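Report on the following structure.
The values are calculated or read from the model by the stated rules, or taken from the named source; none is laboratory data. Since the model is a prediction, treat every value here as computed from it, not as a measurement. Cβ coordinates were reconstructed from backbone atoms using ideal geometry, including for glycine residues, and neighbour counts include every protein chain displayed.
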Amino acid sequence: MMTSTALIVGLVAVVLILLSVVFLRRSEEDPLSARIEEYAAREEAVSIEEIELSMPISDRIFVPIMRGLGRFVTRFTPQSTLERTAVQLEQAGSPRNITAAEFWAIRGVFTILLGGLFLMMMIRFNVDPNKRFAYTLFFAAVGFFLPQLYLSSLISRRRDAIIKKLPDALDLMTICVDAGLTFDGAMAKVDEKWTDPLAREFGRVVYEMQLGKTRRQALRDMTGRMDVPDVANFVASILQADQLGVSVGKVLRIQSEQMRIRRRQRAEEKAQQAPVKMLFPLVFLIFPSMFIVLLGPAAFTLIRNDALRGLTR
């Protein structure tokens, strides 16, 4: 019975993880817009129904359901909570282009799904009613925090990618400015050459400025979407240079050198942390295996000698 229960629990966990990836995986553009552009490039005429039917089943079924649940959740969720979640989604790169209300709907679905599945399993295996309620609350809480943990991991990975790519992007911008391009043109060139999160944010800044937003506001909005101290320092330096009339190329060159030094310092810091992080697997995984391999034959020899002595007596 315990083996069956563990198997069911593992299958449920795998299914929930797969669902979280489906709902929260990164999507750089709207799937429907991508399909429309794909069919617009063809010569034959197609209908809107054919375009919609060509989309994945998750976009035709699950996404509309989540949007409907999101509109329902908006009525009961505080506005401050939705705004805070919207900021986190922006910092994660707007995965799947979902809204804050849709994300809270996903958390509610996971809570009910995981709690309900484990409640049915405990009823099936006749678990003590006193423990049943506590276990149900525990797994419901796990389902509630699982999407948030996944979102936090997306934010962390995106920040690391931005920090790693920033010195190279500043070097490219410095070369472009020295070659005669403007600061906006240098940002557009970074977006043209690369496809990482930092390049996409630069492209978004250029696009917002083309729509009429000022450079100061567009750069400050980019800083809020990233929430990376290095980017905040870079934007502050550019805005100050723009205000005081300092050469942008000189500021970019200084900033690229500073960012490269910081990246090297972070690498050295991680290298110094490596021995401490290796301590746990060494003590609990590698050393016991070595002891078994080295001392195992000697232990069997001692056991055999003790057994022979007992027989001779």
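Remarks
- Residue within the range 203-214 that is among the hydroxyl-bearing types (S, T, Y) and modelled with pLDDT under 90 present: no
- When L244, L211, L219, L282 are screened for being free of Cβ contacts under 8 Å to residues at least 24 places away in the same chain and outside the structural domain of V177 (by TED's automatic domain parsing), only L282 passes.
- Figure legend. Inter-residue proximity from the range 131-146: first residues in the same structural domain as A105 (by TED's automatic domain parsing) and under 13 Å from M121 (Cα atoms), second residues surrounded by fewer than 19 Cβ atoms within 10 Å (Cβ to Cβ) and of a type in the set (A, V, I, L, M), beta-carbon distance below 6 Å, spacing 6+ or different chains. Indicated pairs: T136/L119.
- Test for D184: is it surrounded by fewer than 17 Cβ atoms within 10 Å (Cβ to Cβ), in contact (Cβ under 8 Å) with a residue 40 or more places away in the chain and among the acidic types (D, E): no
- Some residue of the range 265-272 being in contact (Cβ under 8 Å) with a residue 24 or more places away in the chain and surrounded by 11 or more Cβ atoms within 10 Å (Cβ to Cβ): yes
- Qualifying positions in the range 137-159 - of a type in the set (G, A, S) and surrounded by 14 or more Cβ atoms within 10 Å (Cβ to Cβ): A140, G143, S152
- Given (1) free of Cβ contacts under 8 Å to residues at least 60 places away in the same chain; (2) out of contact with any Pro (no Cβ under 7 Å at 6 or more places or on another chain), number of the condition A161 does not satisfy: (2)
- Scan of the range 247-256 for residues that are free of Cβ contacts under 8 Å to residues at least 24 places away in the same chain and of a type in the set (K, R), ordered by number: K250
- Pairs are defined by a Cβ separation below 6 Å, a sequence spacing of at least 6 or placement on different chains, a first member in the range 73-95 that is in the same structural domain as L154 (by TED's automatic domain parsing) and buried (at least 19 other Cβ atoms within 10 Å of the Cβ), and a second member that is among the polar types (S, T, N, Q) and in a loop (DSSP other than H, G, I, E, B); no pair meets this definition.
- Test result for S237, part of a helix (DSSP H, G or I), hydroxyl-bearing (S, T, Y) and exposed (fewer than 11 other Cβ atoms within 10 Å of the Cβ): no
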